[in-house]
1. Could you list all residues from the stretch 29-57 that are modelled with pLDDT of 85 or more, among the polar types (S, T, N, Q) and in a loop (DSSP other than H, G, I, E, B)?
2. What single numbered condition from (1) modelled with pLDDT under 85; (2) within 29 Å of Asp66 (Cβ to Cβ); (3) of a type in the set (Gly, Ala, Ser) fails to hold for Gly26?
3. Only one residue in Ser97, Ser167, Ser133 is of a type outside the set (D, E, K, R), within 18 Å of the chain's Cα centre (by Cα) and modelled with pLDDT of 95 or more, so which one is that?
4. Being surrounded by 14 or more Cβ atoms within 10 Å (Cβ to Cβ), at pLDDT below 95 and within 25 Å of Gly165 (Cβ to Cβ) is true for just one of Leu60, Leu12. Which residue is that?
5. I'd like the full set of residues that are open to solvent by 30 Å² or more (accessible area, probe 1.4 Å) and under 24 Å from Thr59 (Cβ atoms), limited to the stretch 169-185.
Amino acid sequence: LVTGDDEGVVKLWDTRMCGNAPKKSGFDNCMTKQKGCVTTFSSNNDYISGFECDADGTTLLASSADCTLSIFDIRKISNAYKKGRDLTSTTTTVTESAKRSDDQEDELLSICTMKRGKKVVCGTQDGVLAIWSWGTWGDISDRFPGHPHSIDALLKVDEDTMLTGCSDGLVRVVQIQPDKLLGVL
């Protein structure tokens, strides 16, 4: 389980460690105690708006209103966790497993992977789809302007098509690379 908060803190949880008290769901006890938190990242400066993971679950992406995309290598965290290290404090292992994109000068409000995991698309406050090529995390490789307001939600339909939820209240059907507005629902 992964959570992000209003201060930009990302936490990775192991719900099996949350205690044995009676509960309604797997993380009820995690919300009242820090027990179960495997590691904490404080890389971002503003709220975390979304998460996406690669197909094999080894890389976690977090979009943030601080205008950056954060990239976490879960394998490094998992290996340190298996060795019994306390990852709730800052360690070299945790620091080495986190990267951030360049400042995009626009809040990243939503996130989705496309093109069989080769592209990462983020919706922005200014109504632009920011597109990264997987593994090249500095600056975006492409941008698709055209929404009149912020893009608050993204939903992949297939590897080339997505739905965008815009703050103007409309849902748009968009094709990614080649970039094309296909219609409005």
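The values are calculated or read from the model by the stated rules, or taken from the named source; none is laboratory data. None of these values were measured; they are calculated from a predicted model. No Cβ is skipped: glycine too gets one built from the backbone with ideal geometry, and neighbour counts run over all protein chains shown. Accessible surface is based on the protein model in full, side chains and every heavy atom, while ligands, DNA and RNA are left aside. Shrake-Rupley method; radii C 1.70, N 1.55, O 1.52, S 1.80 Å.
1. Ser42, Ser43, Asn44, Asn45
2. With respect to (1) modelled with pLDDT under 85; (2) within 29 Å of Asp66 (Cβ to Cβ); (3) of a type in the set (Gly, Ala, Ser), Gly26 is out only on (2).
3. On the way: Ser97 fails: modelled with pLDDT of 95 or more; Ser167 fails: within 18 Å of the chain's Cα centre (by Cα).
When all the criteria are applied, what remains is Ser133.
4. Numbers: Leu12 fails: within 25 Å of Gly165 (Cβ to Cβ).
Sole residue among the options that is surrounded by 14 or more Cβ atoms within 10 Å (Cβ to Cβ), at pLDDT below 95 and within 25 Å of Gly165 (Cβ to Cβ): Leu60.
5. Hit for the stretch 169-185 is Gln177, nothing else.
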